[in-house]
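For reference, the structure discussed in these notes is given below.
The values are calculated or read from the model by the stated rules, or taken from the named source; none is laboratory data. Note that this is a predicted model, so its numbers are computed, not measured. Cβ placement follows ideal geometry from the backbone for every residue including glycine, while neighbour counts extend to all protein chains displayed. Heavy atoms of the whole protein, side chains included, go into the accessibility calculation; ligands, DNA and RNA do not. Shrake-Rupley method; radii C 1.70, N 1.55, O 1.52, S 1.80 Å.
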Amino acid sequence: MNAIATNPTTVTGGRTRLVIGNWKMHGNLADNAALLAALRPATLTARIAVCVPFPYLAQAAEALKGSAVTWGAQDVSVHAQGAYTGEVSAPMLKDFGCAWVLVGHSERRSMHAESDQLVADKAKAALAAGVTPVVCVGESLAERDAGQAVAVIQRQLAPVLALGAQAVCQMVIAYEPVWAIGTGRTASPEQAQEVHAAIRAALDGIGAGGIQILYGGSVKGANAASLFSMPDIDGALVGGASLVADEFLRIAA
Ligand code: 13P
């Protein structure tokens with residue numbers, strides 16, 4: 001289902017390295033044009049993608065057409081259509097050529113009270129439309145300090161895993177510790193690997209251990225290689241650094 005870049009390099013376990021930019025609520029037509037144009041000619045080790053705000057999907061589709069860079073959105077409705085003012089459906093994303101959609105980003109879980117079940121329902125809706133969900137999970141600092149990091153991730157994943165191996169094998173998981181997002185405080189490669197290994201084990205438990213698990217949280221050109229050296233870190237979900245072409249490309253180089 002995922003679009004394949006022209007030059008993907010496989011990493012541990014035969015998985016393709018994947019680096020996705022999450023623009024969050026940033027951008028305007030002029031700045032986006034420059035950023036997207038700078039990504040187009042890139043020849044990289046990783047497959048790259050950008051998840052842009054809804055109004056800019058058409059711009060991304062036009063600017064990236066024919067390139068190895070794919071694009072997606074940052075949220076999706078659980079409904080395919082209907083009287084849901086303000087919502088955007090997965091078939092609409094598909095209409096704009098989206099390969100990806102983020103579901104369950106911590107900013108949506110915390111600011112929009114998205115439950116673990118709702119996130120799983122969104123992942124299911126995306127799959128039904130042929131859009132790959134990138135399911136985000138991550139613990140808060142208080143949860144980590146209480147020794148609950150892995151338990152929280154397992155709780156968040158449970159309704160997703162309940163969708164079954166066939167569905168989960170078409171997803172990507174992103175581990176984003178909340179305390180590392182936008183703070184400049186990255187998880188150490190060892191801290192991230194510990195959680196990634198737990199996620200892999202949970203996926204293995206239903207026969208879906210082969211999917212990509214990305215790390216997110218203050219990833220930059222300077223720390224990407226050490227994170228990617230870990231056996232269960234298959235790429236990155238990048239916020240702030242994805243808005244700076246050189247920095248984003250350095251992560252995927
Ligand atoms: P930063 O890379 O800005 O820390 O954001 C991470 C993130 O939330 C990506 O989804």
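Would you work out if the chain is rounded, prolate or oblate? Take a ≥ b ≥ c from the square roots of the eigenvalues of the alpha-carbon gyration tensor; rounded if a/c is under 1.5, else prolate when a/b is larger than b/c, oblate otherwise.
Details: a/c = 1.39, a/b = 1.11, b/c = 1.26.
Rounded shape, in that the Cα axes give a/c under 1.5.
Around A46, with a cut-off of 13 angstrom between Cβ atoms, what is the net charge of the other residues, counting Lys and Arg +1 and Asp and Glu -1?
Local charge sum for A46: +3.
Rank these by accessible area, largest first, 1.4 Å probe: K24, K220, K122, K65.
K65, K220, K24, K122
When the accessible area of region 9-104 is split by element with a 1.4 Å probe, what percent falls to carbon and sulfur?
Values: 2440 of 4270 Å².
The computed percentage sits at 57.
Quick check: with the 1.4 Å probe, what order do S67, S229 take by accessible area, largest first?
S229, S67
Choose one of A128, M111, G209: the residue whose Cα lies farthest towards the positive end of the charge dipole of region 100-242 (beta-carbon charges +1 Lys, Arg; -1 Asp, Glu; about the Cα centre).
A128
If you average the sequence gap of Cα pairs under 8 Å that are 6 or more apart and divide by the length of region 101-211, what percent do you get for the contact order?
Computed value for region 101-211: 27 percent relative contact order.
Filter the trypsin sites (Lys or Arg not before Pro) in region 141-215 down to the DSSP loop ones having no more than 15 other Cβ atoms within 10 Å, then list what survives.
When the trypsin sites (Lys or Arg not before Pro) of region 141-215 are filtered for loop state and at most 15 Cβ neighbours within 10 Å, R185 remain.
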